1. Only one residue in Asp319, Asp269 is surrounded by fewer than 21 Cβ atoms within 10 Å (Cβ to Cβ) and over 18 Å from the mean Cα position of the chain (by Cα), so which one is that?
2. If you go through region 168-186 one residue at a time, how many are without any contact (Cβ under 8 Å) to a residue 24 or more places away in the chain and buried (at least 20 other Cβ atoms within 10 Å of the Cβ)?
3. Please pick out the residue among Asp13, Asp40, Asp27 that is assigned to a loop (DSSP other than H, G, I, E, B), acidic (Asp, Glu) and either open to solvent by 40 Å² or more (accessible area, probe 1.4 Å) or on the phi > 0 side of the Ramachandran plot (or both).
4. Return the total of residues in region 83-109 being open to solvent by 40 Å² or more (accessible area, probe 1.4 Å), hydrophobic (A, V, I, L, M, F, W, C) and not in a helix (DSSP H, G or I).
5. Taking region 204-217 only, how many residues are open to solvent by 20 Å² or more (accessible area, probe 1.4 Å) and under 21 Å from the mean Cα position of the chain (by Cα)?
6. Among the numbered criteria (1) over 19 Å from Thr58 (Cα atoms); (2) open to solvent by less than 30 Å² (accessible area, probe 1.4 Å); (3) of a type outside the set (A, V, I, L, M, F, W, C); (4) at pLDDT below 95, which single criterion is violated by Asn225?
Amino acid sequence: MDTSDEDIQFDNDGVCNHCKELKNTIDSIQCKNPQEHLNDLMKTIKSQSGKYNCLIGTSGGKDSTFLIVKCIEWGLKPLLVHIDNGWNTELAVSNIKKVATAYNLDLETFVLDWSEFKQIQLAFLKSSTVDLEMPTDLAISAGLYKLASKHNIKYIVSAGNYASEGILPLTWGYHVLKDAYYYKTIFKSYSNAIIKNTPIIDVIKEAYYKYYKGIKFVYPLNHMNYNPLNVTSKALGDIGIECSSAKHHESGITAFWQSFVMPTKYNYDYRRATFSSLIVAGYLKREEALKELSLPPYNLEWVEQYKLYVAKKLEISSDELEHFLKMSPKNYKDFPNQKKWITLIHKVYFKYLK
């Protein structure tokens, strides 16, 4: 990580706050016997009655696919759920189908209303905020909670892990705070459309699902020796899964945004966050990361072709898309938001309720 994160702080040894915070988190997990925690968690989930004892959100990427394979090994009965925002790659669709078929698992696909979701993404694009993916991230969380509630499932088993995503500056990924006020402010400021069908979640709705409905997100990969760089076809069950080497690139728009737009428009190279997480977790050497960072994060030929696809899919001209991409970069700090209030709620939650 470097000062492209405007909030970064370095100590006298040149170690940043992100690395120290992640190391403390990993150390706190390791000192509490992670294998025992994982065994207890699996035992608790398997004690749940019903056709399914857990729900797993799958993107077609290697993290979620690896998690599905492990859950089958652990004897769980998962319902697979995929939130389709209209930007799936062919590879992602193929991977989801292969893993569901290989293990004879039920799959529910929550397809977002494209005519509506398109207007939401256009509003974020026109606002020039870096948080273009926020509507997708909030829709995923909302969709998973909604389907878990529908099927009376108490555990959502997530492939989220500290090894590959433990570090992410807030200015690069404000979605983590689920600030619906910020989301709605941008949408209303840059669109005349009305949101009727696209799911969205905020801290209040999340509290409803957690405390009233008793639904929990759990992260097994954090309690095992999960090395994202070591996930091979054999580790994925030899079922023909092919995964992108880059984080989150099973989604076309994510690949375009993180590999091209973020570094060229915002000076945010997403690889820095991913590599830093892997380094702190002990799976990547700093020298290797710096060597990789010396290479361009995107393929220019692919980018130019995908720009045409993005413009066509959003029903705008290529010139309009170029105009939006060249506007002055912004992040959550440039818009009304509820960061202070949400941060306070999180502090209370972790101190008194967790």
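1. Asp319
2. Residues that pass the stated criteria total 0.
3. Numbers: Asp40 fails: assigned to a loop (DSSP other than H, G, I, E, B); Asp27 fails: assigned to a loop (DSSP other than H, G, I, E, B).
Answer to the selection: Asp13.
4. Qualifying residue count, region 83-109: 1.
5. Qualifying residue count for the region: 8.
6. Only one criterion is unmet by Asn225, namely (2).
Okay, residues lined up against (1) without any contact (Cβ under 8 Å) to a residue 60 or more places away in the chain; (2) open to solvent by less than 40 Å² (accessible area, probe 1.4 Å); (3) out of contact with any Leu (no Cβ under 7 Å at 6 or more places or on another chain); (4) under 20 Å from Lys312 (Cα atoms):
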{"site": "Leu112", "(1), (2), (3), (4)": "no, yes, yes, yes"}
{"site": "Ile120", "(1), (2), (3), (4)": "no, yes, yes, yes"}
{"site": "Ser127", "(1), (2), (3), (4)": "no, yes, yes, yes"}
{"site": "Met134", "(1), (2), (3), (4)": "yes, yes, yes, no"}
{"site": "Ser141", "(1), (2), (3), (4)": "no, yes, yes, no"}
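This table checks each residue for (1) over 30 Å from Ile153 (Cα atoms); (2) touching a Ser or Thr at 6+ places or on another chain (Cβ under 7 Å).
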position: Phe217; (1), (2): no, yes
position: Pro220; (1), (2): no, no
position: Met224; (1), (2): no, no
position: Gly240; (1), (2): no, no
position: Ile253; (1), (2): yes, no
position: Ser259; (1), (2): yes, no
position: Thr264; (1), (2): yes, no
position: Ala273; (1), (2): yes, no
position: Ser276; (1), (2): yes, no
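The values are calculated or read from the model by the stated rules, or taken from the named source; none is laboratory data. Keep in mind it's a predicted model, so treat the numbers as computed, not measured. Neighbour counts run over all protein chains shown; Cβ positions are idealised from the backbone, glycine included. These accessible areas exclude ligands, DNA and RNA; they are computed on the full protein's heavy atoms, side chains included. Shrake-Rupley method; radii C 1.70, N 1.55, O 1.52, S 1.80 Å.
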